[in-house]
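Inspection log for the structure reproduced underneath, given as structure tokens.
Here, each number is a calculation from the coordinates, and none is a lab measurement. Please read all numbers here as calculations on a predicted model, not as lab measurements. Quick reminder, even Gly has a Cβ in these numbers, built from the backbone with ideal geometry, and neighbours come from all protein chains shown.
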Amino acid sequence: MSKGKFYLSTAIAYASGKPHIGNTYEIVLADAICRFKRMEGYDVYFQTGTDEHGQKIQEKAEAAGVTPQQFVDGTAGEIRRIWDLMNTSYDRFVRTTDPEHERKIQEIFERMVQNGDIYKSKYEGWYCTPCESFWTESQLVDHKCPDCGREVKWAEEEAYFFRLSKYTEPLRKYIEEHPDFIQPEARKNEMINNFLKPGLQDLCVSRTSFSWGIPVKSDPKHVVYVWLDALFNYATFPGLEPNGEDGEIYKKFWPADVHLIGKDILRFHTLYWPAFLMSLGLPLPRQVFGHPWLLMSDGKMSKSKGNVLYADDLVELYGVDAVRYYVLHEMPFASDGTMSHDLLIERINSDLANILGNLVNRTVSMQNKYFDGVVGSNANLEPVDAELIELALATPGKCREKMDTLHVADAIDEIFTLLRRANKYVDETQPWVLGRSEETKPRLATVLYNLLETVRISAALLRPFLPETAERIFAQLDLPVSDWDSLLSFGAIPQGHKIGQAEILFARIDPAKKAKEIEEFYAAKNAPQSDPVLPDVTIDDFAKCDMRVCKVLACENVKKSDKLLRFTLDDGSGKPRQILSGIAKFYKPEELVGKTVVAILNLPPRKMMGLESCGMLISAVKEENGEEKLHLLQLDDAVPAGSRLC
């Protein structure tokens, strides 16, 4: 029988690139919480996915020479691959380019227009493209984005605004009346003091300076602000119908029990999101938990700083459960955690190999050595047994108490407290001494039974955090994975049961040898490599691409775009040809005037930033030291314009 429903969502990952281990921490944390709830007997709905609209993605797609949809198809696939690699048990992976979501967002926007909460005006202010955030002059820090520290751009355009100011007092009242709505406590104080007390300003919720977004249904030259679009994923995908009958999942699970997000996007989830829901008369989520960051020893992970660690690399070096253990155990409840290879190795050796692995290995090995694996009776109890049994029975409740408040690292500590006590119990009872005499074999059977039961309870409690490891332990015990109710009593392993064979769960790591392995791993990974050769094509397929030599007559930056250059080319036809290319990051316009380049001329024209691009320039792209480098193909100036490549 279900103990109730539980709906947890992660923030949907922005589909602008591959997530690093700091981003990946969130999905692992969410997975552990949901697995624990399922173990307790709750009916769980766990949603994650990708946020796929916005100016930043449009610019990245232009730079890559692909459509925004093609770009996010690739990045969303990579994000989902990482989530699956980390053995996360989400129920639904959502994408905001889903047509049904887009339809619902258009209807939601129109409802807000109709109820007077959205109005048209003109936007003038500072905009941070990476964060997709608007800022006033007073909110900037050293004239840069207060969230990410990057440069901001002045934006002036017609826009729709949401009456966020209208909800200042309702939000303040709601937060005060629901003290657990924002957690941890420090995050709540930040929202109240920095935003609600000064008073909220109306929020710009549409853009016209780029096109990659959901069009406003009644005014299609506008696209919906990416945060309004993204936040509603928590409701639209479970089945919210703005103008109809809500779906069954939405009816059952809304409001969400926990939105699990990074602390850097707390403002959007605790101010904008509840205000949007209030505007539609919808229930608010019960809690928003702004988790801390996982930092490198030299600060926040950043590709520009070259200190980024990726989950798939770490898994290849250490294994899935070792990485899961580290990020879950080493992140404090409210403050940032630190990660490095040295710290990870230290934790694997001290906790996973010495405490957990050693206990399981010697318990299973001794049961096989002294009793051929057959479990005996624990009838020969002595006072030394009581403390271990009492702690084993108390640990599930202690873990549940910690998990109910999302103190995940503390819950893991409770399990390892039990494991440490069991290792101490081995030293106290000295089963290797008891095994020397037939007279003490009954006592030995009891000692080993107590250890096996402790291992069983510990393995079941570890399953939400280390799912593969827990299953390997139960395989050694030759038992099905224990359910929650079986953890509330000591003595579930039947007398006469024959266990399996011992195997090493986590081998100790030699730090010096591992350091060399890590160095060689990254050296090989960063070495220049050729991309795989594409599948064979016929000469007829190749001949369909009309590649011609062109002379650059003029080149200039495209207004309102950091990525695009507009080329005017002599393609030998006697008529200038316009091509837009997203290479402004790599070349200054004046450097290219007069150069001889190569372009494909027979691609269908397409609009970029309101300008028509008739073809595509040929470039070579390669990742170097974690950054993408582009080299425009240039030929000898003696080659005449219009010459065809063949």
| Spin-label proximity, residue 185 to segment 270-295 - amide N less than 18 Å from point 7 Å beyond Cα toward beta carbon | 288-292
| remark: In nanometres, the difference between 0.36 nm per residue of separation and the alpha-carbon distance of residue 92 and residue 590 is 174.4 nm
| When only Cα pairs under 8 Å and 6 or more residues apart are kept, what is the percent relative contact order across the chain? | 12
| request: Indicate the gyration tensor shape class of segment 508-623 (rounded, prolate or oblate), computed on the Cα atoms with a ≥ b ≥ c the square roots of the eigenvalues: a/c under 1.5 is rounded; otherwise a/b larger than b/c is prolate and the rest oblate. | output: prolate
| task | Treating only the Cβ atoms of Lys and Arg (+1) and Asp and Glu (-1) as charged, compute the dipole magnitude of the chain about its Cα centre; round to the nearest 20 debye. | result | 800
| task | Rank 114, 170, 279 by how far each Cα sits towards the positive end of the charge dipole of the chain (+1 on Lys, Arg Cβ; -1 on Asp, Glu Cβ) and give me just the farthest. | result | 114
| Sorted by average packing, counted as other Cβ atoms within 10 angstrom per residue and highest first, what order do 512-523, 238-249, 152-163 take? | 152-163, 238-249, 512-523
| message | When a/c reaches 1.5 or more, the comparison of a/b and b/c decides; with that in mind, is segment 201-288 rounded, prolate or oblate per its Cα gyration tensor? | response | oblate
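What order do you get for 484, 432, 227 when you list them from fewest to most C-beta neighbours inside 10 Å? Before the final figure, lay out each step's value.
Details: 484 16, 432 13, 227 24.
Ordered by Cβ neighbours within 10 Å, fewest first: 432, 484, 227.
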| request: May I ask for the angle, rounded to the nearest 10°, between helix 99-114 and the longest principal axis of the chain, with both axes built from Cα atoms and the value confined to 0 to 90°? | output: 70
| request: Assign one of three labels to segment 340-488, namely rounded, prolate or oblate, based on the Cα gyration tensor with a ≥ b ≥ c the square roots of its eigenvalues; rounded applies when a/c is under 1.5, prolate when it is not and a/b is larger than b/c, and oblate otherwise. | output: prolate
| note | Only helices counted: for the chain, with every DSSP H run of 4 or more residues adding -39500 (n - 2.57) and the sum spread over all residues, [θ] at 222 nm is -12000 deg cm²/dmol
| Cα axis of helix 441-462 to longest principal axis of the chain: angle in degrees, 0 to 90, nearest 10? | 20
| Size of electric dipole in segment 340-488: Cβ of Lys, Arg +1 and of Asp, Glu -1, about Cα centre, debye, nearest 20 | 280
| task | Please give the residues of segment 58-94, grouped as numeric ranges, whose backbone N is less than 17 Å from a label point set 7 Å along the Cα-to-Cβ vector of residue 252. | result | 90-93
| query | Quick one: length gained pulling residue 386 to residue 142 fully straight, 0.36 nm per residue minus the C-alpha distance? | reply | 81.6 nm
| request: Using only C-alpha positions, report the orientation-averaged shadow area of the convex hull of the chain, nm², one decimal. | output: 35.0
| How high is the FRET efficiency from residue 513 to residue 218, r the C-beta distance, R0 56 Å, rounded to 0.05? | 0.30
| request: Kindly express, to the nearest 10 degrees and within the range 0 to 90, the angle between helix 511-526's C-alpha long axis and the longest C-alpha principal axis of the chain. | output: 20
| field | Added length on full extension, which subtracts the Cα-Cα distance from 0.36 nm per residue, residue 540 to residue 280 | value | 87.9 nm
| query | Can you give the % of DSSP beta bridges in the chain that are antiparallel, to the nearest 5? | reply | 70
| query | Spin-label point model (7 Å from Cα, Cβ direction): what's the residue 468 to residue 637 distance in nm? | reply | 5.9
